Amino acid sequence: MRENIAHKISEYAAALDKISRERRRDFHKYPETAWLEMRTSAIIAKILTELGYEVLTGRQVCLETARMGVPEPEKLEEHSKIILEQGVPKESLTEDMKEGFTGVIGILHCGEGPVVALRFDIDALGLIEEETENHRPYAEGFSSQNYGMMHACGHDAHGVIGLGTAEVLMKIKDQLCGTVKLIFQPGEEGARGARAIVAHGHLDDVDYFVGTHVAPTGGPDDGDVTPGTWGSLATSKYDAHFYGQAAHAGGFPENGKSAIVAAANAVLNLTAISRHSEGSSRVNVGIIHGGTGRNVVPDHAVIQFEVRGETTRINQFMDEEARRICLAAAQMAGCSCEMILQGGSESQHSDEDFLEWISDVVGAYLPHLRISSCKNAKNWGSEDISLMMNRVQEHGGKAVYMRSMTPMASAQHTTAFDFDEKVLVEGIETFSVIVWKLMNQKPQTNP
């Protein structure tokens, strides 16, 4: 009987191959960056509603006071008008979505049992997609139609895997005991979105949490599924605004207080933050703007920078040093400084007993998928899924962050990024089997 259900899951997933590829190409064609995922959210909410899920949208998903890096109202309004031209019914675009409350949670109630949460991020990056015949999305007509936005990290795949998983789980609902939460998260890029979902309390009752990220084949990821990962760098991302006093640079320079001098001093000294004995750290100033003309002492300048740390503790050290340096640089130049936190995440680890359990389950019920020889690979960069994982682990739940491997045309976060869409069905199978095994008996499963 158990093997038969697993076989059915694979059959159901395979039957979704065509529509999953179509959905992925639609999401890829209309990418949306953080808090602009209005079209994407409306489509996801519509599909989940039609499947019979309890659907949360808008302010039900993200706590307003915990959102970071939200675009200006003018940008939100502009984008809400654009997506209506891209085929989203007016009634699907809620007032909350228009205000940047994007993201969707689908809930499937199956009686008594564990609460299992799955996370799928849905936002795009601020890149201009390549337009050459060698780039498959362009050659086949599904490259980005939203200039300056691109799915260059695979989040279009994640959203589609989530929708496919929703369909499969609904088909085997009578085999499940407990509650499933499918979290379609906005604003992962820049570590902006997860905090608002966590702050809303959606992870507080979760017993098991699973996420994944598509990743290139090779290296330690030599299979189709890597059951766990660890080591995402904790990070803080700031906009630091420096305010000075404008003056004529030739006539009365002594009346001026240069915001650019303050910003420049901050940039140089940020790079001089000492290393930490407990692990690695990072600092980078990516953008600096300021001034209105060569003969005017500038009264405003802004730098956009980030710090990272191998652990949350190390990042806290980097964060405190960065804020001290920016404020001191402003004071030295007779200026003031306003620092705005635009994103942040913590370090993360997957529970080893849970990832070993997942390895055994996938190996037993999806033998056509290869488990990577390194079952718990080290992550690169930063990921705000850490906030969700840590909240679940804090109250005794189990969490893993997997990888789903697939050949890629180019590295992630590049303008030529694309991937083999076989990973869509494989991801649907993997999530569905994990949920089935966690929820296929009334006594709470204990991996």
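The values are calculated or read from the model by the stated rules, or taken from the named source; none is laboratory data. Model, not experiment: these values are computed from the prediction. All Cβ positions, glycine included, derive from the backbone under ideal geometry; neighbour counts span all protein chains shown. Only protein heavy atoms, including side chains, enter the accessible area calculation; ligands, DNA and RNA are left aside. Shrake-Rupley method; radii C 1.70, N 1.55, O 1.52, S 1.80 Å.
Miscellaneous remarks
- The numbered conditions (1) modelled with pLDDT under 95; (2) open to solvent by 50 Å² or more (accessible area, probe 1.4 Å); (3) of a type in the set (S, T, Y) are all true for S336 except (1).
- Pairs, first among the aromatic types (F, W, Y) in region 384-402, second in a helix (DSSP H, G or I), C-beta under 6 Å, six or more apart: Y401/I385
- Look at (1) outside any helix (DSSP H, G or I); (2) β-branched (V, I, T); (3) surrounded by fewer than 21 Cβ atoms within 10 Å (Cβ to Cβ) and you find that T65 fails only one, number (1).
- Yes/no for P186 being farther than 23 Å from K378 by Cα, of a type outside the set (V, I, T), surrounded by 24 or more Cβ atoms within 10 Å (Cβ to Cβ) and at pLDDT 95 or above: yes
- Filtered residues of region 147-167 (kept if open to solvent by 10 Å² or more (accessible area, probe 1.4 Å) and in a loop (DSSP other than H, G, I, E, B)): Y147, G148, M149, C153
- Failed item, numbered, when M170 is tested on (1) touching a strand residue (DSSP E or B) at 6+ places or on another chain (Cβ under 8 Å); (2) part of a helix (DSSP H, G or I); (3) open to solvent by less than 10 Å² (accessible area, probe 1.4 Å): (3)
- Here E321, E346 are screened, and the one residue that is open to solvent by 40 Å² or more (accessible area, probe 1.4 Å), of a type outside the set (G, A, S) and under 23 Å from the mean Cα position of the chain (by Cα) is E346.
- Residues that are assigned to a strand (DSSP E or B), surrounded by fewer than 24 Cβ atoms within 10 Å (Cβ to Cβ) and either touching a Gly at 6+ places or on another chain (Cβ under 8 Å) or not small (G, A, S) (or both) within region 218-228 comprise just one, D221.
- Within region 123-146, tally of residues that are surrounded by fewer than 19 Cβ atoms within 10 Å (Cβ to Cβ), part of a loop (DSSP other than H, G, I, E, B) and of a type in the set (A, V, I, L, M): 1
- Of all residues in region 107-114, at least one satisfies being crowded, with 17+ Cβ neighbours inside 10 Å, at negative phi and assigned to a loop (DSSP other than H, G, I, E, B).
- Condition met for L48 (assigned to a helix (DSSP H, G or I), open to solvent by less than 10 Å² (accessible area, probe 1.4 Å) and in contact (Cβ under 8 Å) with a residue 12 or more places away in the chain): yes
- Here G231 fulfils each of the conditions (1) open to solvent by 30 Å² or more (accessible area, probe 1.4 Å); (2) modelled with pLDDT under 95; (3) on the phi > 0 side of the Ramachandran plot; (4) not charged (D, E, K, R) apart from (1).
- Residue pairs whose Cβ atoms lie under 9 Å apart, sitting 6 or more positions apart in sequence or on different chains, and linking a residue in region 131-145 that is at positive phi to a partner that is surrounded by 13 or more Cβ atoms within 10 Å (Cβ to Cβ), are G141/R25; G141/K29.
- Residue among T430, T414, T406 that is open to solvent by 10 Å² or more (accessible area, probe 1.4 Å) and of a type in the set (V, I, T): T414
- Some residue of region 5-26 being in contact with an Asp or Glu (Cβ under 8 Å, 6 or more places away or on another chain) and without any contact (Cβ under 8 Å) to a residue 60 or more places away in the chain: no
- All positions within region 277-332 that are in a helix (DSSP H, G or I) and small (G, A, S): A322, A328, A329, A330
- Selection within region 244-274: residues that are over 16 Å from A328 (Cα atoms) and assigned to a loop (DSSP other than H, G, I, E, B). The member of this set that is least open to solvent (accessible area, probe 1.4 Å) is G256.
- Subset of region 15-37 (residues that are in contact with a helix residue (DSSP H, G or I) (Cβ under 7 Å, 6 or more places away or on another chain), open to solvent by less than 60 Å² (accessible area, probe 1.4 Å) and assigned to a helix (DSSP H, G or I)): D17, S20, R23, R24, F27, H28
- Pick from region 26-77, criterion of a type in the set (A, V, I, L, M, F, W, C) and more than 30 Å from E421 (Cβ to Cβ), ranking: modelled with the lowest pLDDT: M68
- Within region 366-413, being hydrophobic (A, V, I, L, M, F, W, C) and in a loop (DSSP other than H, G, I, E, B) holds for L366, L369, C374, W380, A409, A411.
- Unmet criterion (only one of (1) touching a Ser or Thr at 6+ places or on another chain (Cβ under 9 Å); (2) among the aliphatic types (A, V, I, L, M); (3) at pLDDT 95 or above) for L93: (3)
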